[in-house]
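One structure below.
The values are calculated or read from the model by the stated rules, or taken from the named source; none is laboratory data. Model, not experiment: these values are computed from the prediction. Please note: Cβ atoms are built from the backbone with ideal geometry, for glycine as well, and neighbour counts cover all protein chains shown.
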Amino acid sequence: GKVTTKDGRYGIHDVLVSGYLLTAEEYYNNKTISVFDFQDSNPPDESSRKTRHRRQIRFCHATPAFDGKGLPLHTTFETTQGGYKANVTCPTNGATNTPIIFRECSIAGNWLPVSSNETCENPLDLFLSPGTSYIRGHNIAEYPDTGSELCAWLCTTVHRRCASFEVIARAGRSRCYVSDVHGGTPGIEFAVPSSGTARYFERKVLEAINATNNSAVDLEDFNPYVSDHRVCNIHEIAANNSWPIHVVDGPYISELSNLKNLEGCERIVGNVIVRCEELCERKVLFAWEVLGGAPEDLATEDYEMYCGGLNRADPDRDMLIAMFATICRPELNQARCTKALNPDEEWIQAVDYRIYNLSPLRHITTVTGVIEISTCHDLERFDGGLANLRWLTGFHLYPILIENNTALTGDTSYVFPSLPPTQGQGALGLILSNPNLCVDESDDRFIFLDNKNVSACSCPENTFACDYVQCKDCFTGTIGRCFYEVNGDKICAPELPDLTCEAPLEECDLCAGVTCLQPPNCRDSPGVCNSDTGICEYNTLLAEGAVCDDKDKFTGPDTCNDSGVCIGKETCVVADIIDYKVHNEYGT
């Protein structure tokens with residue numbers, strides 16, 4: 001395009017302008033400047049044409065959210081650019097048109113008042129009058145220093161399976177427990193706290209809940225926290241779900257439940273660190289909660305018994321579950337203890353904490369910090385994880401690190417399809433010591449070291465390289481003829497070496513939607529779709545002499561022979577025929 005004055009008289013042609021025009025000082029001071037109308041002088045002079053006029057884009061900073069009647073919404077109107085609106089969704093009992101509260105940021109960078117017409121229902125009005133006891137166990141989340149109104153808000157906006165909650169007050173401090181069961185759920189037990197007071201609240205419209213437990217041993221997602229917002233703050237999610245915290249790196253993902261917390265997130269505020277370390281204290285708490293125990297009922301002595309002492313062996317989670325289930329103290333759920341001592345396949349799958357793939361990260365496009373995937377020895381595939389990653393804004397020499405994942409397979413040539421090339425500006429990440437991961441060493445986005453030997457990354461050793469047959473509509477960054485679905489996304493994977501799609505993978509129907517009505521030369525339709533390849537095969541031959549086209553313009557006419565091959569007669573040049581007749585039939 002071109003950059004000119006407003007009337008088009010002066011300017012620079014054939015240029016591309018990208019982003020804002022900033023001086024170095026403005027850039028490092030985080031200024032945001034936008035070009036606006038050029039104010040030319042009349043008559044024009046050199047100094048005016050060189051002047052860069054600009055205005056600063058102003059922002060309204062994050063502020064506590066209230067509706068039009070002043071009801072606190074227990075969240076914030078996020079930082080918003082001038083001229084735009086922030087919004088917060090009201091709590092609901094399942095109404096199809098959930099109210100949304102908007103607040104406008106003026107161009108000058110000041111918040112304007114919320115319209116008095118924009119109001120939310122008080123979240124406490126969505127619950128039945130409180131009781132004075134509480135449901136033992138079955139908590140899917142807990143919040144310290146949280147009163148009834150805020151707990152009601154969290155139940156109706158954050159936790160989509162919330163059926164009830166209780167607030168227990170002790171020594172002047174209250175703690176909120178969100179539950180996925182209610183007073184009518186079979187097998188539940190009510191209790192009175194040994195100290196302090198309890199208030200129990202139950203949803204009025206239980207039909208609005210997507211997944212209310214009807215069984216005391218339903219173990220699906222013990223501690224879910226999936227943000228309803230596409231922008232996810234790592235520190236907030238970690239605080240609500242008791243993630244482990246590194247003294248330098250901050251919160252990190254160590255187990256499957258942590259990873260599932262990021263399902264559906266697109267933009268991440270913070271670091272995405274998947275580091276499969278097993279801390280003894282976390283394993284003890286995990287075993288206790290699996291059996292229906294409330295975290296506050298787990299005594300310090302329990303942690304010391306299993307994790308204390310210099311010579312104490314570090315127990316695994318399965319052993320801890322069996323030990324707690326054998327004794328099955330009153331604080332635990334008897335049905336779950338029984339199930340744990342006689343486990344079936346459903347139980348084993350429900351209590352599995354290991355990270356086998358990164359599919360919950362598949363929708364992430366932006367990370368404001370760094371990404372690390374390390375020491376996850378059960379991790380087998382990316383399964384679309386990070387396949388939509390486009391932007392990294394963390395200040396780090398190498399903001400991506402994938403290191404020491406001994407079971408990780410795949411091929412880096414397709415697992416990061418959305419990450420743009422660096423165009424010679426330096427690598428974005430390090431991929432190190434993943435002995436089963438094939439890498440494309442010509443990819444300048446990464447620095448590779450000690451991954452799978454390049455000679456073993458072609459067929460037949462590399463399953464991914466061998467699997468040329470692909471499912472249709474695979475999620476970005478996944479290939480293969482096997483698949484499974486997560487929330488409507490089709491995650492594809494290659495066949496295993498024995499050419500089977502092991503559970504939970506299904507085999508694609510490669511012939512679904514295929515019609516075989518376009519036969520090649522000398523073949524008749526309809527054809528038959530080959531289920532192994534998804535390719536149409538036409539085995540019926542046209543009759544000998546049938547007209548065909550051999551795609552050679554210098555031959556003809558073209559006809560089929562008895563073997564189904566299209567053959568065209570050699571070219572005949574008219575001048576040669578005339579010359580032959582003149583010399584041989586009519587004389588010179």
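Observations
- Residue within segment 363-377 that is charged (D, E, K, R) and crowded, with 19+ Cβ neighbours inside 10 Å present: yes
- Within segment 161-187, if we keep just the residues that are more than 34 Å from the chain's Cα centre (by Cα) and at pLDDT below 80, the residue that is nearest to Glu149 (Cα to Cα) turns out to be Gly172.
- Scanning segment 355-397 for residues that are on the phi > 0 side of the Ramachandran plot and not hydrophobic (A, V, I, L, M, F, W, C) turns up Thr375, Asp383, Gly384.
- Qualifying residue in segment 276-292 (condition: in a loop (DSSP other than H, G, I, E, B), buried (at least 19 other Cβ atoms within 10 Å of the Cβ), in contact (Cβ under 8 Å) with a residue 12 or more places away in the chain and within 26 Å of the chain's Cα centre (by Cα)): yes
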